[in-house]
Amino acid sequence: MMMVLTLLLILALFLAPSRGGGVFGFMTSPFSRNSNNNNPISNQQQQTTTTNQQQQQQHHWLHDAQFVASFGALHDSLQSEESQQVLQTYNDQEPHVTHFLFLVHGYHGFGQDLAYLETVLKLLVNREKQKCAVSSTDGTSKQEERRRHDMVVHCPTCNEHKTKDGVEIGGERLWHEMLDTIRSEMIDRRRDNNDDDDSSNNDELKDITISMVGNSLGGLYSRYALLKLMEQMDHVQVVDDDDSATNDEVTLVLDGQYRVHLNIFCSTASPHLGISKHTYIPIPRSAEIGVAHTMGDTGKDLFRLNDLLKTMATTPAYLQPLGRFRKRIAYANAYGTDFPVPTATAAFLHSESSYPHHIIGDEEEKTEAMMYGDDGINGDDDEDDDCVVVDDNGLVVAIFHTKSAAETIQSSSSPNATTITSDDDEEVTTTADSSADKEPEHFDDLAHMSHALDSLGWKKVFVDLRNEIPIGVTLPRLSSPLSFPTPSFFDSSSSKRQHPTTSTNNAATTTAAAAAVSASSIPMLKRQGVVMASRDVASATSIDLSRLSWPLGHNMIVAFSRDQKSATFNKGGRPVVDALANELVEFIFSWEKK
């Protein structure tokens, strides 16, 4: 009977998005849109309707007390006549680089689902433009004047009403819309600049960057679209001023006009490992297959009735484009707050993976973020490049970094030790058991996928929304921690893999850290500064019985905002989205041409 009830619950929640949103969204109100793909309304009328809806939604936020507290002063300052003139003058000048940021919705989703994030991003973009404009006009920074940025934030709509026909087809539609957007925006900019300056050099390659935020299924759409985007570009070897090739570096050129750079990739609650074996309540394979068929080809992909997700996570054709980004971020809901996409698949963790995860403590976030590879392939090491996501409400409970396999090999001073030099030239030795650069044998498919994705180097952000979810209960603390499997982990003060029962000089430290993991005490892990294996991160972020709540965090983590009711219900996630938006804009604007 319990199995039948569980299956019915899963079916109801998977199919509910037709009235809600997100990838497998629920607890949201209906949104009136015509689901007929042959809608007789003209494209211009549809675009006008969508714009009006967005303006109404933004108007609602601008009068919301929470929004006013966070962005009211910024919004008012940008609306002043002086600021408008500064921005107009700045926008009238030809940018040296144009940034494109695509916000990709999920299953049964709409572009409007991420409208709150879009609104905040555009505010912060204007703030950064104003900074650049003021610093260049008052003569305080010639460097800023040389780096004049423009930024386009776009929410693709190509997959609206069409998310059941598989990741491949949805990804195909996505990359077509991305290319169309890039081309049309750049043509408009060239036309405007040519009207103002007839001497503009049309033969010069224009620099553009591409960044992506994929929400849930949108994360998989984005990863597939990347492969297709790479196939549309010429791969040109970099040459010096004397026209001689001096290295193996390759640059991407689109249409012979645009030099393309991949900037930042972010997924929010995306099922990178699929849904099979990751359902909120374990169900038999036969039940998974039944649910998969109700979701069309997309269900077959997510429940791994085919090899698509394995191929996307383990083959160079898909991994190399993802590895070209300067930074990769994965957001996941912790402590059982996400029904459709639990922690392990959103952060690609696995019980058989020992891939090292470096936890970032409160006092060392900046230094650690730089030490563990957030500078990406471009090697940018400016301290402002990494705005660590921390919010005043304590919703972000942990941030981990995985080093890429290449970084591990380059920085290894011995087969089993990794030496990293921090800003103060202090050497810190950690052990990775060769896990980062050597894939263990006898992996199953999910472990293989987890390890291969980790080897690209990621920043993983774990969010705890239990206090923001209205349905929940706080439980009394137990007098002793529950009994969980004792984890193994990497002690940063030792070159050997440690176990809590091992007698070493750091026995007290290892025992305390193990107890912390057993009790899912993330704050304790931060203070210890341990380097944990993937399987132990999964244990530490999946269970915490101090508070139980309904698993409604899937939409809340992105402040899902298709309409006013859903925006109000999911407003608890806004501090997370605000911090993410700030990180995205600051990192994107920190881009420099090599």
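The values are calculated or read from the model by the stated rules, or taken from the named source; none is laboratory data. Just so it is clear, the structure is predicted and the values come from calculations on it, not from any experiment. Every residue, glycine among them, receives a Cβ derived from its backbone with ideal geometry; neighbour counts consider all protein chains shown. Ligands, DNA and RNA are stripped out before the accessible areas are found, and what is left, the full protein with its side chains, is counted by its heavy atoms. Shrake-Rupley method; radii C 1.70, N 1.55, O 1.52, S 1.80 Å.
Among residues of the range 221-237 that are surrounded by fewer than 16 Cβ atoms within 10 Å (Cβ to Cβ), those with a Cβ under 9 angstrom from a residue that is in a loop (DSSP other than H, G, I, E, B) and of a type outside the set (Asp, Glu), sequence gap 6+ or separate chain, pair up as Asp234/Gly256. If you go through the range 312-327 and keep only what is touching a strand residue (DSSP E or B) at 6+ places or on another chain (Cβ under 8 Å) and buried (at least 23 other Cβ atoms within 10 Å of the Cβ), you end up with Phe325, Arg326, Lys327. The residue that is surrounded by the fewest Cβ atoms within 10 Å (Cβ to Cβ), among those in the range 242-275 that are of a type in the set (Gly, Ala, Ser) and at pLDDT below 95, is Ser244. Criterion applied to Gly72, Gly106, Gly111, Gly25 was being modelled with pLDDT under 50 and either open to solvent by less than 10 Å² (accessible area, probe 1.4 Å) or closer than 28 Å to Thr268 by Cα (or both), and the one residue passing it is Gly25. Residue-level check: of (1) in a loop (DSSP other than H, G, I, E, B); (2) modelled with pLDDT of 95 or more, Asn555 misses just (1). Between Tyr116, Tyr90, the distinction of being modelled with pLDDT under 90 and either among the hydroxyl-bearing types (Ser, Thr, Tyr) or under 27 Å from Glu468 (Cβ atoms) (or both) belongs to Tyr90 only.
Within the range 558-594, the set of residues being among the hydroxyl-bearing types (Ser, Thr, Tyr) and in a loop (DSSP other than H, G, I, E, B) comprises Ser561, Ser590.
Restricting the range 75-91 to residues that are of a type in the set (Ser, Thr, Tyr) and within 30 Å of the chain's Cα centre (by Cα) leaves a set whose member that is most open to solvent (accessible area, probe 1.4 Å) is Ser77. Of the residues making up the range 257-279, those that are assigned to a loop (DSSP other than H, G, I, E, B), in contact with a Leu (Cβ under 9 Å, 6 or more places away or on another chain) and touching a residue at least 40 places away in the same chain (Cβ under 8 Å) are Gln257, Ser270, Pro271, His272, Leu273, Gly274, Ile275, Lys277, His278. Screening the range 445-484 for residues that are over 25 Å from Met556 (Cβ atoms) and among the charged types (D, E, K, R) and picking the one that is modelled with the highest pLDDT gives Asp454.
Look at the range 280-291: where a residue is closer than 20 Å to Gly336 by Cα, no partner that is outside any loop (DSSP other than H, G, I, E, B) and charged (D, E, K, R) sits 6+ places away or on another chain with Cβ atoms under 7 Å.
Only residues that are small (Gly, Ala, Ser) and open to solvent by 60 Å² or more (accessible area, probe 1.4 Å) were counted across the range 164-177, and they come to 0. Going by what's in this entry, would Thr298 be described as open to solvent by 10 Å² or more (accessible area, probe 1.4 Å), among the polar types (S, T, N, Q), assigned to a helix (DSSP H, G or I) and at pLDDT 95 or above? No: the conditions fail for Thr298.
Just one residue in the set Ala514, Ala540 is under 21 Å from the mean Cα position of the chain (by Cα), at pLDDT below 90, aliphatic (A, V, I, L, M) and part of a helix (DSSP H, G or I); that residue is Ala540. Pairs please, first residue from the range 319-334 and without any contact (Cβ under 8 Å) to a residue 60 or more places away in the chain and closer than 17 Å to Leu217 by Cβ, second anywhere and open to solvent by less than 10 Å² (accessible area, probe 1.4 Å) and not acidic (Asp, Glu), Cβ atoms under 9 Å, 6+ apart in sequence or on different chains. The qualifying pairs do not exist here. So which residues in the range 185-213 are within 16 Å of Pro95 (Cβ to Cβ), modelled with pLDDT of 70 or more and of a type outside the set (D, E, K, R), if there are any at all? Scanning the range 185-213 gives Met186, Ile187, Leu205, Ile208, Thr209, Ile210, Ser211. Please tell me if Asp180 is surrounded by fewer than 16 Cβ atoms within 10 Å (Cβ to Cβ), modelled with pLDDT of 95 or more and not β-branched (Val, Ile, Thr). Considered against the rule, which asks whether it is surrounded by fewer than 16 Cβ atoms within 10 Å (Cβ to Cβ), modelled with pLDDT of 95 or more and not β-branched (Val, Ile, Thr), Asp180 comes out as yes.
The residue of the range 317-358 that is farthest from Ile208 (Cα to Cα), among those that are β-branched (Val, Ile, Thr) and not in a helix (DSSP H, G or I), is Thr337. From the list Tyr335, Tyr331, the lone residue that is open to solvent by less than 30 Å² (accessible area, probe 1.4 Å), at pLDDT below 95 and under 20 Å from the mean Cα position of the chain (by Cα) is Tyr335.
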